[in-house]
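What follows is one structure encoded as structure tokens, with my remarks underneath.
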Amino acid sequence: MPPATRTRLERALLAVCFCTLALYPWLYSNYLSTTLTQWLPDTSTAFVILAFTVMGLGLNFVVGYAGLLDLGYVAFFAAGAYVAGWLASEQFANAGSVVFGGTVLPKTPGIHLSPWLVLLAAALFSALLGVVIGVPTLRLRGDYLAIVTLGFGEIIPQFVRNGDNLGGFNLTNGAFGMNGIDGLGFGNTVHHAIHTLPSNFLNELDSRWYYWTALALVVVTIVTSLLLRDSRLGRAWIAIREDEDAAAAMGVPLMRTKTLSYAIGAFFGGAAGAMITLQAGATSPDAFSLQVSIFVLCMVILGGIGNVWGVTLGGILLAYVNYKGLFAAGNTFNSTFGTNVDISQYAYLIYGVAIVLFMLVRPEGLIPSARRRAELVEEPEEENVGAEASPA
Amino acid sequence: MTAELLVDARAIRKEFGGLVACNDIDFTVERGAIVSLIGPNGAGKTTFFNMLTGAYTPTSGEIVFDGRDIVGLPQHKITALGIGRTFQNIRLFGAMTALENVLVGMHSRLRSGLFRSLARTPLQRREEKDGRAQARELLAYCGLSPRAEQQYARHLAYGDQRRVEVARALATNPKLLLLDEPTAGMNPKETIAFVDFVRKAREERGLTVLLIEHDMRVVVEVSERVTVLDYGEKIAEGTPDEVTADERVRSAYLGTKPVS
Ligand SMILES: Nc1ncnc2c1ncn2[C@@H]1O[C@H](COP(=O)(O)OP(=O)(O)O)[C@@H](O)[C@H]1O
Ligand SMILES: [Mg+2]
């Protein structure tokens, strides 16, 4: 059966999950025992986990819905990160001082837009980049597309590395990356406009605000996914994933539809990249490795390709393991056995083994979409084999 | 002005490397007719369909559909102009429900894009509701039981898959319906029912039908004109009786080369 109306139990479960997540910073610092907090991420780490979950959900539009294997998703993370750098740091100090809602004092050199605007700009710029990359590449199918996107994922960091001298213009600061990027906050402009705002709002907000912003972004991404899934556009994506030629014959414009999925995926990838950069206050081309693309792709696969809830869970779990779980496990291991093993060295070995095991035991993902389950279940009729045949 | 001819294809040629799959074929279809395209396996029939729908671009030649040259148009534009099709090997969207398959067929008729879908505007909601109602009607029209509407296409029985495929093609609101071996795998009773269905649909929906068919009884029964292809060449054309009497057709079907 297709995703019908949610049952009451599911609604209640969702509400509980959301409330727990919303109250997490508070729970973490006030109510949890140290034995538990040893295993749980602090608020800043929890922020990173949610930001990466947004990336997983963003990639799900491309890989899960439209079925386009994108191995270069990190390109959009990079785009978002650098837009944050351009619009909220002293990178363009030569251009004078443009302070508009940024969390800096007036007359600070460089561009300092309100971080909320920066997030939006990063997402939009990234979506635009998605269109620019998508139009020439999305004509390719399957493995070819995977290889070309892989290429773009490598080209973008290279471009960033060499972008410190574009005809004499320093766009990216090269291999050093950008530092001193502003944080989240409301800034002087807003402070002056709304006098009732407490004076500490001039400063950068604390980690809870990052966390809540990321949580809000997760919610926006999930809602977007659900609304689009049950729409003309979402159906066209899934049709393309199922059978591109048949979709075209039914009147689905392939290029436009695919590019749109790519751009929407890029939109959320860019937003996440900017969020993470605003928190870190710095970014550099070293952060844009193939491993990031693969990591995010694993979230989609682990969660259950195409299922929004599965990908959310997969994203949170995988990012948790990467940013907290593994350390916690290593610490527990060392303190129990009196050893001194650096478990993070074996992270990729552990992931590799885990993915292989997972694919063997539960190839449909944690929470597979009903559609995906339909694909993996034995077909009732042996005659259907012909349905897979290639050209029409 | 509506021309007499719905399809007017001239000297259509398709080469795959050295292989000439369609060799300068002239082909016309009158408005409202049921026309069959027959010929042995590998004759180039499906290739011809693929050129009509824009899936393949002809190596040379021109195709005028409903007064417009359609060569080189992207497939979705051709579909929107009014060519709907089914596939020789059923190609449904397996992990979508029967209903959703038909809704995809309506793609070019529905309007809601990204922003309307996100905002769930009244227009978008009405369009979805009407679309679903129409899709249900179409499925019922093609003989699918309401129970099967919500099943994944992959899980439907073979006969139901064929029905959904026809419903999906009709959902594009075609002027010309292309059916590629629709009776393959049907028993004689189902075949007779299907022939009746094609006639009925033609009357009720103002269709023109072009049919690739192997079963000569179906061809003789349903079609007003028949074109015969063999090794990419058009070897005969005419009424079913004329064609079945043709010496070259007989030998092509018996697998021997004509003597001449
Ligand atoms: N995409 C393609 N690439 C190469 N050869 C093709 C392609 N499509 C069809 N052919 C060849 O063209 C010839 C005609 O095929 P087809 O049109 O499918 O025949 P029919 O439908 O009459 O059985 C065959 O020899 C087939 O192998
Ligand atoms: Mg064929």
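Odds and ends about this structure:
- Within the stretch B:176-252, all pairs of alpha-carbon atoms sorted by distance into 10 Å bins from zero give the percentages 17, 49, 30, 4.
- Taken along its three principal axes, the alpha carbon spread of the stretch A:31-168 comes to 56, 51, 23 Å, from the longest extent down to the shortest.
- Other residues whose C-beta falls under 13 angstrom from the C-beta of A:M178 contribute a net charge of -3, scoring Lys and Arg +1 and Asp and Glu -1.
- Net charge of Cβ neighbours under 14 Å - reference B:L19; Lys, Arg +1; Asp, Glu -1: 0
- Peptide B:43-50 has a mean of 1 when you count, residue by residue, the C-beta atoms of other protein chains within 10 Å of its C-beta.
- Taking B:D196, A:D182, A:D245 and ordering them by how much accessible surface each has at a 1.4 Å probe, largest first, produces B:D196, A:D245, A:D182.
- Approximate spin-label separation A:R139-A:A329, in nm, with each point projected 7 Å along Cα-to-Cβ: 4.6
- Its residue count N sets the reference 2.2 N^0.38 Å, and the alpha-carbon radius of gyration of the stretch A:257-296 equals 1.33 times that reference.
- Order by protection proxy (mean Cβ within 10 Å, highest first), peptides B:53-60, B:99-106, B:199-206: B:99-106, B:53-60, B:199-206
- Every Cα-Cα pair in the stretch B:108-231 was counted, and those over 19 Å apart are 56% of them.
- Value of Rg to Rh for chain B (Rh from inverse mean 1/r over Cα pairs, i.e. Kirkwood): 0.99
- Peptide ranges A:216-222, B:182-188, A:272-278 listed from the most packed, as the mean C-beta count within 10 angstrom indicates: A:272-278, A:216-222, B:182-188
- Test item: A:237-248 mean partner chain Cβ contacts at 10 Å: 6
- Calculated over the stretch B:94-173, the projected area of the Cα convex hull averaged across directions stands at 5.0 nm².
- On a per residue basis, the stretch A:43-288 carries 36 Å² of accessible surface, using protein heavy atoms and a 1.4 Å probe.
- Counting only other chain Cβ atoms within 10 Å of each residue's Cβ, the peptide B:154-164 averages 3.
- Helix A:308-320 axis versus longest C-alpha principal axis of chain A: approximately 50°, rounded to the nearest ten.
- By average C-beta atoms within 10 angstrom, highest first, the peptides A:35-43, A:119-127, A:51-59: A:51-59, A:119-127, A:35-43
- The Kirkwood radius of the stretch A:214-324, taken over pairs of alpha-carbon atoms, gives through the Stokes-Einstein law at 25 °C and 0.890 mPa s a diffusion coefficient of 157 µm² s⁻¹.
- Distance from the stretch B:1-44 to the stretch A:68-95 (C-alpha centre basis), Å: 53
- Shape summary: chain A maps onto an equivalent ellipsoid whose semi-axes, from the alpha-carbon gyration tensor, are 35, 28, 21 Å in decreasing order.
The values are calculated or read from the model by the stated rules, or taken from the named source; none is laboratory data. This one's a predicted model, so the numbers in the text were calculated from it and none came from an experiment. Using ideal geometry, Cβ is built from the backbone for each residue, glycine included, and neighbour counts are taken over all protein chains shown. When the accessible area is computed, the model is the full protein with side chains, heavy atoms only, and any ligands, DNA or RNA have been set aside. Shrake-Rupley method; radii C 1.70, N 1.55, O 1.52, S 1.80 Å.
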